[in-house]
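Here's the structure we're looking at; comments come further down.
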Amino acid sequence: MSLIRMDFFSEKLNMFTPVNVILPLPRDARTELRPLPTLLLLHGMGDDFSAWTRQTAIERYALRAGLAVVMPDGGLSCYENMAHGGRYRDYIALELPRVMAETFPLSKCREDNFIAGCSMGGCGALKLALSLPDKWSAAGCFSAAHTEYNPDAPRNRAMLERVYAGELDAFNARADEDLLRVNAEGPALRIWHGWGDGDALRENALKMRARVEALPAGQLDYHSEELPGRHDWALWDAMAARFIPWLGLSIPEVRLL
């Protein structure tokens, strides 16, 4: 297993930006690397690209599954093209996967690509998967929903103005339209949705579960779980430990460097 920090110039963001990459390697060094299934893993509000490796056992989970994990920095962007800031949606969805696949032996097949995140990252992962379902075959939403942000919360107010410039309702409506469209038209998308029984965003998650379960049978394969815990890294570590096996990956022979 390798943990690689890479800094590169993003044309979408117009600046250098860091990304952490977990890369499992074949046990036999003479064996050619096959294209690896890849999880794009997003952090939450107030954290950065290093949070998942500092706060969880994501390296061990990735090793067991033979899974590459790409962890970019999303700032306080909500993973959107900000009204007053960087084009993070374009960076995360379009530029970053291309750069990573050109640099590392990552699979370009939709069936081998997944996206997940916690809190702000969970909302971002789900919205990206629903708006661009041709890119990822499964999404993990940890402690979030496809419409999440409370504009009346003091912590959110300035961030939401930078990101949405007063247009949050329009973005929420678009996310709901994406949910309906993907369920009706596909391609088939698997969603793992988890939250804690003491989670600050439990009410949001329950509303989303009710929304999805009220849809007619369609292209969404939706799975939800309520776990013991609060809105914190202990909970998200437990969710990652459940989400990655749920993907159903075959486990190749790997070695720990």
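Below is a table of values for the structure above.
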{"quantity": "Extension gain (nm, one decimal) between Arg202 and Glu185, 0.36 nm per residue minus Cα-Cα", "calculated": "3.2 nm"}
{"quantity": "Heavy-atom accessible area per residue - the chain, 1.4 Å, Å²", "calculated": "44 Å²"}
{"quantity": "Span per principal axis, largest first, for the Cα atoms of the range 129-257 (Å)", "calculated": "50, 36, 30"}
{"quantity": "Label-point separation in nm, Glu161 to Asn81, each point 7 Å along Cα→Cβ", "calculated": "2.4 nm"}
{"quantity": "Rh (Kirkwood; distinct C-alpha pairs) - the chain, Å", "calculated": "18.3 Å"}
{"quantity": "Helix 168-185 vs. the chain, principal-axis angle (Cα, 0 to 90°, nearest 10)", "calculated": "60 degrees"}
{"quantity": "Lysine pair number, Cα distance threshold 20 Å (strictly under), the chain, separation 8 or more or different chains", "calculated": "5"}
{"quantity": "Reference-scaled alpha-carbon Rg (2.2 N^0.38 Å with N residues) for the range 27-129", "calculated": "1.11"}
{"quantity": "In degrees, nearest ten, helix 120-131 long axis to first principal axis of the chain (Cα)", "calculated": "90 degrees"}
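The values are calculated or read from the model by the stated rules, or taken from the named source; none is laboratory data. On a predicted model such as this, the values are computed, not experimentally measured, just so you know. Here the Cβ is made from the backbone with ideal geometry for all residues, glycine too, and neighbour counts use every protein chain on show. Calculation scope for accessible area: heavy atoms of the full protein, side chains included, ligands and nucleic acids excluded. Shrake-Rupley method; radii C 1.70, N 1.55, O 1.52, S 1.80 Å.
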